[in-house]
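Read through the structure below, which is laid out as structure tokens, and then see the notes.
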Amino acid sequence: MKQERFVERHQAEWREFELWLERRSDSARRARSTRREWSGIRDDEMPARHRRLCQQLALARRRGYSAVVTDRLQQLMQRGHSVLYRTKPAHPRRAVEFLLAGFPRLVRAEWRCMLAAALLFLVPLVSIFVAIQVKPDLASGLFPPQMLAQFEQMYDPASKRSLGRTNEDDLQMFAHYIGNNVGIGFQTFATGLVAGVGTVFVLIFNGIMIGGVAGHLQAVGHGDPFWRFVAGHSAPELTAIVIAGGAGLRMGLSLIAPGQRRRVDSLIHGGRRGAKICIGVFAMLVFAAFVEAFWSSIANMPASIKYAVGALLWALTALWLLRGGRNAAHQDDEDAA
């Protein structure tokens, strides 16, 4: 086909594409507000129009058309690409929507991995707690004597200090708790790269350690201060660890059981989903650190109030994860993947 005939055939199509870029691409808000008045190319047609333009550019180059044609098509193609594939600007509302709806959907979509992670964490925790009540000397096999003495000092019923700490102030402990919590969460998720074995080990290890501390303090008569301390922040913190473990197991399964995907593609897909889940886990752990630093440590608060707040946070956490995003009109494509 001669160049003149090629241009004549597609000129109107190029002009429509160019007009859309001029009128619709600058501001998404303005584009939505003028959607009814707009009579040109529909927004949902643009990806197909852009692919067609790329084909026309390749055809023009192969046929050796003049630079006037190829340069114009090249510019239109680049402008369209920059609009269609540009990064969406960060918006606080999107972050809130993800935490309230998108994150719970992702967690529910991986419920089998989450259940496995919960069992790997809770069974050792409960088992070692019960075992220490039957045989208190078992705690000496888990912790050195100096550490057991430190635990007993931190949760001494006769002490008037803040619960769960020695002399640090709230801000210092807030920073410490963030680093500690996020470190455990990241470790639990990232070790899933070792075919999930690392995540399994971290979950079991943390379950044993937490159950060991709780069991020892309960056995020596320091249980009341300990339970009052952990009641508030236990819901977001322990749940976040389990979710991070579930994400790690998902990534491990993507490596050892890729299904129809290539192993590397399956790992990338699982890693992306896991990374999204870890965003929510990070938010949960920061919130847990805030509660732990500024609420859990209050020693003179009646136990009934501490337990009531703890029960409320457990109920809200469960409601959020089980119901969040179920009534949303839009769901991410990856949620169903």
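In the stretch 242-267, what count of residues is obtained for those that are under 29 Å from residue 308 (Cβ atoms) and open to solvent by 10 Å² or more (accessible area, probe 1.4 Å)?
Going through the stretch 242-267 one residue at a time, the tally reaches 1.
Of the conditions (1) without any contact (Cβ under 8 Å) to a residue 60 or more places away in the chain; (2) more than 29 Å from the chain's Cα centre (by Cα); (3) surrounded by 13 or more Cβ atoms within 10 Å (Cβ to Cβ), residue 136 fails just one. Which one is it?
(1)
Which members of the stretch 297-329 meet the condition of being open to solvent by 40 Å² or more (accessible area, probe 1.4 Å) and more than 26 Å from residue 110 (Cα to Cα)?
298, 300, 301, 302, 304, 305, 307, 308, 309
If you check residue 105 against the conditions, is it in contact with an Asp or Glu (Cβ under 6 Å, 6 or more places away or on another chain) and assigned to a helix (DSSP H, G or I)?
Values: in contact with an Asp or Glu (Cβ under 6 Å, 6 or more places away or on another chain): yes; assigned to a helix (DSSP H, G or I): yes.
Taking the combined requirement at face value, the residue satisfies it.
Being part of a helix (DSSP H, G or I) and in the same structural domain as residue 283 (by the TED database) is true for just one of 115, 163, 76. Which residue is that?
On the way: 163 fails: part of a helix (DSSP H, G or I); 76 fails: in the same structural domain as residue 283 (by the TED database).
After applying the criteria, what remains is 115.
Residues to consider are 32, 51, 9; find the one that is modelled with pLDDT under 80, in the same structural domain as residue 72 (by the TED database), farther than 14 Å from residue 72 by Cα and part of a helix (DSSP H, G or I).
On the way: 51 fails: modelled with pLDDT under 80; 9 fails: modelled with pLDDT under 80.
Just one listed residue meets the conditions, 32.
Which pairs have Cβ atoms under 7 Å, sit 6 or more apart or on different chains, and link a residue in the stretch 296-318 that is over 19 Å from residue 156 (Cα atoms) and in the same structural domain as residue 103 (by the TED database) to one that is open to solvent by 60 Å² or more (accessible area, probe 1.4 Å) and part of a loop (DSSP other than H, G, I, E, B)?
none
Residue-wise test of (1) assigned by the TED database to the domain that holds residue 96; (2) modelled with pLDDT under 95; (3) among the acidic types (Asp, Glu).
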residue: 209; (1), (2), (3): yes, no, no
residue: 212; (1), (2), (3): yes, no, no
residue: 215; (1), (2), (3): yes, no, no
residue: 224; (1), (2), (3): yes, yes, yes
residue: 254; (1), (2), (3): yes, yes, no
residue: 261; (1), (2), (3): yes, yes, no
residue: 264; (1), (2), (3): yes, yes, no
residue: 278; (1), (2), (3): yes, yes, no
residue: 287; (1), (2), (3): yes, no, no
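The values are calculated or read from the model by the stated rules, or taken from the named source; none is laboratory data. Since the structure is predicted, the reported quantities are computational estimates derived from the model, not experimental observations. Cβ: placed from backbone, ideal geometry, glycine included. Neighbour counts: every protein chain shown. Accessible surface areas use protein heavy atoms only, side chains included; no ligands, DNA or RNA. Shrake-Rupley method; radii C 1.70, N 1.55, O 1.52, S 1.80 Å.
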